1. For region 52-75: of the residues being among the small types (Gly, Ala, Ser) and not in a loop (DSSP other than H, G, I, E, B), which is farthest from the chain's Cα centre (by Cα)?
2. May I ask you to list the residues in region 1-27 that are farther than 23 Å from Ala68 by Cβ and either open to solvent by less than 60 Å² (accessible area, probe 1.4 Å) or touching a helix residue (DSSP H, G or I) at 6+ places or on another chain (Cβ under 6 Å) (or both)?
3. Which one is farthest from Ala52 (Cα to Cα) among residues in region 1-41 that are acidic (Asp, Glu) and at pLDDT 85 or above?
4. Could you list, in sequence order, the residues of region 3-25 that are closer than 18 Å to Gly60 by Cα, of a type in the set (A, V, I, L, M) and either in contact with a Lys or Arg (Cβ under 6 Å, 6 or more places away or on another chain) or assigned to a loop (DSSP other than H, G, I, E, B) (or both)?
Amino acid sequence: MGPRAIEVERSDFPYRLAGRRAPDGPPGPHRLVVDARAPLAARLGVGTGELALGGRSMGGRMCSMAVADGLPAAA
């Protein structure tokens, strides 16, 4: 099996784009992760359960929490 292309999408939470250091309170960041997956999957032509979700710091926590709450993901 040869190399496989992997599509990556990077995004920022609104509080970071606004230049704030403190994140928005729940459920804001968690909801953004959940809501962002369907449009991404549609653009890539895959099912939402085929996406690998992750991030650094807050993003990683929000993705992990969303998957722990039952959000389908491949990784």
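The values are calculated or read from the model by the stated rules, or taken from the named source; none is laboratory data. Nothing here was measured: the structure is a model prediction, and the numbers come from that model. No Cβ is skipped: glycine too gets one built from the backbone with ideal geometry, and neighbour counts run over all protein chains shown. Remember, those area values only see protein heavy atoms, side chains included, never the ligands or the DNA or RNA. Shrake-Rupley method; radii C 1.70, N 1.55, O 1.52, S 1.80 Å.
1. Looking at the filtered set, the residue picked out is Ala68.
2. The answer is Gly2, Glu7.
3. So, considering only residues that are acidic (Asp, Glu) and at pLDDT 85 or above, the one farthest from Ala52 (Cα to Cα) is Asp12.
4. Val8, Ala22
Each row is one residue, and each column tells you yes or no for (1) out of contact with any helix residue (DSSP H, G or I) (no Cβ under 9 Å at 6 or more places or on another chain); (2) free of Cβ contacts under 8 Å to residues at least 40 places away in the same chain; (3) surrounded by 15 or more Cβ atoms within 10 Å (Cβ to Cβ).
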{"site": "Pro29", "(1), (2), (3)": "no, yes, yes"}
{"site": "Arg43", "(1), (2), (3)": "yes, yes, no"}
{"site": "Thr48", "(1), (2), (3)": "no, yes, yes"}
{"site": "Gly59", "(1), (2), (3)": "no, no, yes"}
{"site": "Cys63", "(1), (2), (3)": "no, yes, yes"}
{"site": "Ala66", "(1), (2), (3)": "no, yes, yes"}
